[in-house]
Structure formats: C-alpha cells, structure tokens
1. DSSP beta bridges in region 331-422, what fraction antiparallel, as a percent rounded to 5?
2. Can you tell me how much longer the chain between THR62 and ALA103 gets when fully stretched, taken as 0.36 nm per residue apart minus their C-alpha distance, in nm with one decimal?
3. Could you tell me how many degrees, from 0 to 90 and to the nearest 10, lie between the Cα long axis of helix 383-396 and the main elongation axis, the longest principal axis, of the Cα atoms of the chain?
4. How many angstrom separate the Cα center of region 106-155 from the Cα center of region 182-217?
5. In degrees between 0 and 90, to the nearest 10, how far off the longest principal axis of the chain does helix 108-124 point, with axes built from Cα atoms?
6. Given the DSSP H assignment, sum -39500 (n - 2.57) over each helix run of at least 4 residues in the chain and divide by its residue total; what's the result at 222 nm in deg cm²/dmol, nearest 500?
7. In degrees between 0 and 90, to the nearest 10, how far off the longest principal axis of the chain does helix 167-177 point, with axes built from Cα atoms?
8. For the chain, with the dipole built from +1 on Lys and Arg beta-carbon atoms and -1 on Asp and Glu ones, taken about the Cα centre, which of THR62, GLY130, LEU182 lies farthest toward the positive end?
Amino acid sequence: MDAENRLDRTALREMQWGKLAGLMERIGASESFYARRLVADGVKWGEVGDLDSFVRRVRFTTKEELLADRLERAPFGSQMLEAVERYTRFCQTSGTSTGQPMAWLDTPESWESMLKCWRWVYEAAEMVPGVDRVFFAFSFGPFLGFWTAFEAAARDYLVLPGGGLSSQARLECLRRYQATVLCCTPTYALRLGEQIGEVSGVRLEELAVRKVIVAGEPGGCVPAVRRRIEALWGARVFDHHGMTEVGPVSYETVKRPGGLMVIEEAYLAEVVDRATGEEVEEGACGELVLTTLDRAACPLLRYRTGDLVRKRIVDGRLFLEGGILCRVDDMILVRGVNVYPAAVEEVVRGFAEVVEFEVEQREVEAMTELTLRVELAEGTDAGVVERLGAKLRDIFSLRMPVRVVAAGTLPRHEFKSNRWRKVASGAGVG
C-alpha cells in the first residue's frame, strides 16, 4: 500500500469497472433494495457495458430513499446482499440531516475493506509503524469512523483510547504516554489545545504530539482553523473525511495540504451539478456522489452524499480542493450572495480573541439575516468586535452584526459541531 505510487487513471478505471461488474452481478442475483430498484427502472445489467453507461443508466440514490427502506423493512432495511447471520458489525448514522439515525451492518470482509482505507489515511500522513502512538479523543459511540480508525491504527501503531475521559484527563494521558498523533474533530482539537498551559498544567513542551488527524466535520482544510490548531499543538494537521453510509473516503497528503485525495480504489466518485445531475468541469463545485466498490455487503450505488466539493484531477486522482466545503443544504443565499459556513469560519478563526462562536439565521420580511454571536477571551479589546464585523463586510459584502455573549454561553462540541442556528423571526439576539 503506497499512497503516492498508484495505478494510472486508465488502469484505475479498468479496476473500478471490474469491481463494479462483480458487485452488480451479486445485486442481480439477490432480492435486495437495488435488485428491485433496477428492475423497476428497466435497467438490465447485461446492457451496461462500462462505467459511462453505468452512470447514464443507474439513477442516484438519496438518503431519503434509504431511510424509507429502513422504515418499511425495519430495522436494517433491504440493502444487504447476504443473510443477516453473516453480519458482525453494527453502526448507525447520527441522524442530523434526516432526524432519524440509520443502522448499517457489515460482514467481516466489508469491515476489513474500510480498515484498508484508513490505512491509506495513516500512510499518507507519513506515520511510522512501531514508532507512532495514536491517541483517540473520542467518546466511542455507534458511529463508524471511531471504530474503523481505531482498529486500523491498531494494526501498526500503539493506540490509546480516550473515550469517557475529561479534557484534563486526556491531556494528562497524552503527556504520560507521549502520544505522537492525536485523532479528533477540528472543533475538539481547538478546544483541547486551548487548555494546554496554565489552564490544565500540561505544558506544550511536555507533549510529543507531532500530527493531528481531524475528521467528522469540515474545518481541517479551512486555512485559519488549520493554522490555529497547528499553533496550539505545534503539530501538522491532516484532514480526512468519510461517512457511516460509505466508509472512509479521502485523505490529505504531506505534499498537497489543504485538499483531499479520494480513495478511488474503493469508490467510484462523481462530482455533479446539483440541478442537472451532470458531471461538472474541473475546477467547478458540485455535489460528491459515491458508489462503494469494496464495502459490498451493504452497497451504495451513485449515492448523493450531500457534500459540496471543488473538483480537481491531480496526478490522475480526484482531488477535492479545499476539502469538504460544506453540506449542500448548509449553503445560504443572503441578499444574492452565497454564504458557506466554512468561509465564515475562516474569517472568525482569523481572530485569536474569539474563543467560540455561533451564527444565528432568521427570516426578516422574507429576507435572510445572519448574526454572529461570539465569546471573547478575557481581557480582549472591545475593538475586536468592530474589526471582525468590518472583515465580514469586506469578504461577503454583507452586514453581519457581531454580538458578544458571556463566557460559557455557547455550546462546546466534541463530535460534530453545529454553529449555525435557525431562530424564529423577531427573536431577540443574546
């Protein structure tokens, strides 16, 4: 396995087609969700002869369809291609986009395919087997990313689970066992890093962390967030993204910071225009669509992930410039201006005085208004509010009021953060 020495694009496409053809044969021999769907759509697998015809003939899969299938055929739905007795691993989505979590089952073979993807992530970060010690600052729950990341790392590195520990205890554990790699969300990397020093009694020079692998939310490729994490930890940030539905999808390399390489050996990836469903040109933004090639026991065909990305082809590979820009539903149109949460965070994180923030979104006379609520570090010059407001106006050509709230007012997040909150029209601003 070598993240920098891989098949050329022609050979890659041939390999993808070979895997997809085998998967579709298995689907055709089953009575699964996709077998019924393909029959209903009039798609005969013998008429699909290559990747291009697959994209033309097979329609997108949406999260709403999958949820409906699970509700109709509770609790696991009908995507599975094997008898339920063959499945040994259970995970579920957070349910943040649908309001209801969805269960996902894996066989030992499909689980192993995801561990292989995580090993791409670690190799790309130039981690050294037998040398690096990896600390996982997660409270382990039913979400896939925690378990696959941990188990994959345990194949080659000393792994330290930090579930159930306070931030203070985690810092002390990092110091005591001299962990060299920290895995957590970008939000928690900031939160934990801000406690290094007088707050915790754990000094930066006592820690051995040299790499921080972040995942679970956009932020790792946001320049201001990266700079702040790296300054707090004295370490290099590596971004990664994946989903419970599909598995570990992409990784960042040393040579190409600020973007993500898709693991196309395991996924057929498309970047499509949301309105037309057609593949976008290189350099354009679109929605990431994935077909699982290796995690085949509960497959997904042309799954609309809801992630907005910018498409590039680098060294024959799909490269997501700037990482995951945002969820497509999170992009907001304000007075004719497209506002992306990651772009707002880039501005806010450029002000070290801001400890935490939240954006309130409300409709006023049929128009969207945004207000930024911030907690400031003790002793901060009040002029920072004016400077932050001016910076937001310069970047977005919009007026976004900045309101200071008391320390400890805003929520703190360890897993996925949600700093955008819709409030009722006319509700007061704290």
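1. Numbers: 13 of 19 bridges.
Of all bridge pairs located within region 331-422, approximately 70 percent are antiparallel.
2. Numbers: separation 41, 0.36 × 41 = 14.76 nm, distance 1.54 nm.
So the extension gain works out to 13.2 nm.
3. Here the helix axis deviates by roughly 30 degrees.
4. About 19 Å separates the Cα centre of region 106-155 from the one of region 182-217.
5. 50
6. On the way: 11 runs with 124 residues, N = 430.
Helix-only estimate at 222 nm: -9000 deg cm²/dmol.
7. Approximately 70 degrees, to the nearest 10.
8. LEU182
Bear in mind these aren't lab numbers, they're just calculated from the coordinates by the rules spelled out. Source: prediction; values computed, not measured. Neighbour counts run over all protein chains shown; Cβ positions are idealised from the backbone, glycine included.
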